[in-house]
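Enquirer: Sharing a structure below in structure tokens format, with a few things to ask.
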Amino acid sequence: PTMAHSKALLVLENFIGGKFVPCSSYIDSYNPSTGDVYCRVPDSGKEEVEAAVKAAKEAFPIWSSKSPLERSQILNKLADLIEHDLEAFAQAESKDQGKTITFARTVDIPRAVHNFRFFASSILHHVTECTEMSTMGCVHYTSRAPVGVAGLISPWNLPLYLLTWKIAPAIACGNTVVAKPSEMTSVTAWMMCKLLEKAGVPAGVVNVVFGTGAKAGEALVCHPDVPLISFTGSTLTAQRITEKSAPHCKRLSLELGGKNPAIIFHDADLGQCIPATVRSSFANQGEICLCTSRIFVQRGIYSEFLKRFVEETKKWKTGNPSDPTIDVGALISKEHLEKVRNYVKKAQAEGARVLCGEGVDRLALPPGNQKGYFMLPTVIAEVKDESCCMQEEIFGPVTCVVAFDTEEEVIKRANGVKYGLAATVWSGNVGRVHRVAHRLQSGLVWTNCWLVRDLNLPFGGMKASGIGREGAKDSYEFFTEVKTITIKH
């Protein structure tokens, strides 16, 4: 690009030891709704990670010796500052990620603010254990201490929301962090860095290194002075992280993909179920690890469900994410759009029926968005359980609808994938809801609703959907080291 062109672009810098530091090389980041380069992101590697870890180690003694109350006040101040700039953050998130401005305003940024407030509060309420052995004249008690430098790697689908879900508990517990956001969505993390000093976060407590997983992520995972890695992303990357961190015996929290079933019994309230299932299939362009991508409908209501579900899906408007009336924004990248489209083509080649969306309906885009990475919400029926569309995480606005007969059969089919993150069950029968929820291999089960979260409770998956749980108590346990102390008196 010419100098004039590159001047107009946003150029991000790493945030290390409380200062913005330029990088020797950069990568382009695109605006998914136009297909144009929108900003330049540092292409960090070993050197930058080394500097960030050093800064985090130096800041650790001071930060970890602060009282939980002092840390809590700083987290609350940071939450206030982000909330004050909510609109600017939402605009940036929408432009950088492709999600609708409505979703960024109502979900992403408010949740990022809430993450800080939630852990600012929960850190004040943990208690340690104590037991007495009066016959031995002994008392045992536990104490918890921060672990050290936490490596945090967050994905591109909910950039600030998932980054803060890691940073907040890590620093609330007294750790210092080196975070690496996705190179495709780094802008809101960089904006947050500008607020850290004003919030009273000491230099070096939060360091952000931008770049790719292969370079910056790898350097962070392999660093001997980073004892703990929290990662949200793909199962494939998690396998690599596990291998690379094994020689250092690091503790890992891995929140990975999902192939989440919705099970709809004949006694479901379709008036509530259908709009909620459209949302659970296509919210954030289907780019949420908790999205529903396999919908099992009991045969008696299958045709009615399908007809109404497709009608409701067709009402969702796809287009310029900055238009507040739009429901579906752009997918993250050209490559990702291609990948998602290929799944639809494979389904068709296998004889499945595409009822609406990709290749069936015309996608009309405003002039400025013709080169963007858009796709209509797509519903596929008559897919075989062994099809890759029913087995693999597509992570786009695509969902498959199939029929089932019995409760026993649907549990088996719902469990018949390698993932186990979330599931939804729709039924008016309380007994059935409990029975089915108990037997689903899934870290989260929602019944007659979707994505209702209490941050106090464990979040995470089974099988290939990850290792570990995060939440008030779980994150506290992950981000601290426990010690048992015995006193003989």
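Enquirer: Report, by residue number, each residue of segment 262-289 that is under 23 Å from E407 (Cβ atoms), open to solvent by 10 Å² or more (accessible area, probe 1.4 Å) and in contact (Cβ under 8 Å) with a residue 40 or more places away in the chain.
Expert: D267, A268, D269, Q272, A276
Enquirer: Say whether the condition of being closer than 27 Å to K166 by Cβ, part of a loop (DSSP other than H, G, I, E, B) and open to solvent by 20 Å² or more (accessible area, probe 1.4 Å) is met by at least one residue in segment 431-445.
Expert: Yes, segment 431-445 contains a residue that is closer than 27 Å to K166 by Cβ, part of a loop (DSSP other than H, G, I, E, B) and open to solvent by 20 Å² or more (accessible area, probe 1.4 Å).
Enquirer: Just checking: which of the strands (runs of 3 or more DSSP E) contained wholly in segment 99-192 hold 2 or more residues that are under 26 Å from G213 (Cα atoms) and at pLDDT 95 or above?
Expert: 149-153, 176-180
Enquirer: Those residues that are crowded, with 19+ Cβ neighbours inside 10 Å, without any contact (Cβ under 8 Å) to a residue 60 or more places away in the chain and not in a loop (DSSP other than H, G, I, E, B), I need them from segment 361-404; list them, please.
Expert: Matches in segment 361-404: T378, I380, C389.
Enquirer: Let me confirm something: among T100, T128, T142, which residue is surrounded by 24 or more Cβ atoms within 10 Å (Cβ to Cβ), more than 16 Å from the chain's Cα centre (by Cα) and of a type outside the set (A, V, I, L, M, F, W, C)?
Expert: Going through T100, T128, T142 in turn, just one is surrounded by 24 or more Cβ atoms within 10 Å (Cβ to Cβ), more than 16 Å from the chain's Cα centre (by Cα) and of a type outside the set (A, V, I, L, M, F, W, C): T100.
Enquirer: I would also like to ask the following. Mind checking which strands (runs of 3 or more DSSP E) fall wholly inside segment 204-285 and carry at least 2 residues that are farther than 30 Å from W446 by Cα?
Expert: Of the strands (runs of 3 or more DSSP E) lying wholly inside segment 204-285, those with at least 2 residues that are farther than 30 Å from W446 by Cα span 206-208.
Enquirer: Do we find that I326 is within 20 Å of P275 (Cα to Cα), of a type outside the set (G, A, S) and in contact with a helix residue (DSSP H, G or I) (Cβ under 6 Å, 6 or more places away or on another chain) in this structure?
Expert: When the stated conditions are applied, I326 does not pass them.
To keep it simple, each residue is scored yes or no on (1) closer than 26 Å to V37 by Cβ; (2) touching a strand residue (DSSP E or B) at 6+ places or on another chain (Cβ under 7 Å).
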position: V340; (1), (2): yes, yes
position: G351; (1), (2): no, no
position: L365; (1), (2): yes, no
position: G368; (1), (2): yes, no
position: K371; (1), (2): yes, no
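Enquirer: Using the structure shown, decide if V425 is in contact with a Ser or Thr (Cβ under 8 Å, 6 or more places away or on another chain) and not in a helix (DSSP H, G or I).
Expert: Judged against the criteria, V425 is a match.
Quick grid of which residues meet (1) open to solvent by 20 Å² or more (accessible area, probe 1.4 Å); (2) not in a helix (DSSP H, G or I):
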{"residue": "C39", "(1), (2)": "no, yes"}
{"residue": "V53", "(1), (2)": "no, no"}
{"residue": "A56", "(1), (2)": "no, no"}
{"residue": "P61", "(1), (2)": "yes, no"}
{"residue": "S72", "(1), (2)": "no, no"}
{"residue": "K77", "(1), (2)": "yes, no"}
{"residue": "A88", "(1), (2)": "yes, no"}
{"residue": "S94", "(1), (2)": "no, no"}
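Enquirer: On to the next question. Under 7 Å by Cβ, and 6 or more places apart or on different chains, what pairs join a residue from segment 330-348 that is modelled with pLDDT of 95 or more with one that is polar (S, T, N, Q)?
Expert: A330/S33; L331/Q285; I332/Q97; V344/T378; A347/S387
The values are calculated or read from the model by the stated rules, or taken from the named source; none is laboratory data. Bear in mind the structure is a predicted one, so any value in this text is a computation, not a measurement. Reconstructed Cβ throughout: ideal geometry from the backbone, glycine too, with neighbour counts over all protein chains shown. The protein model used for the area step is the full one, side chains on, heavy atoms only, and it has no ligands, DNA or RNA in it. Shrake-Rupley method; radii C 1.70, N 1.55, O 1.52, S 1.80 Å.
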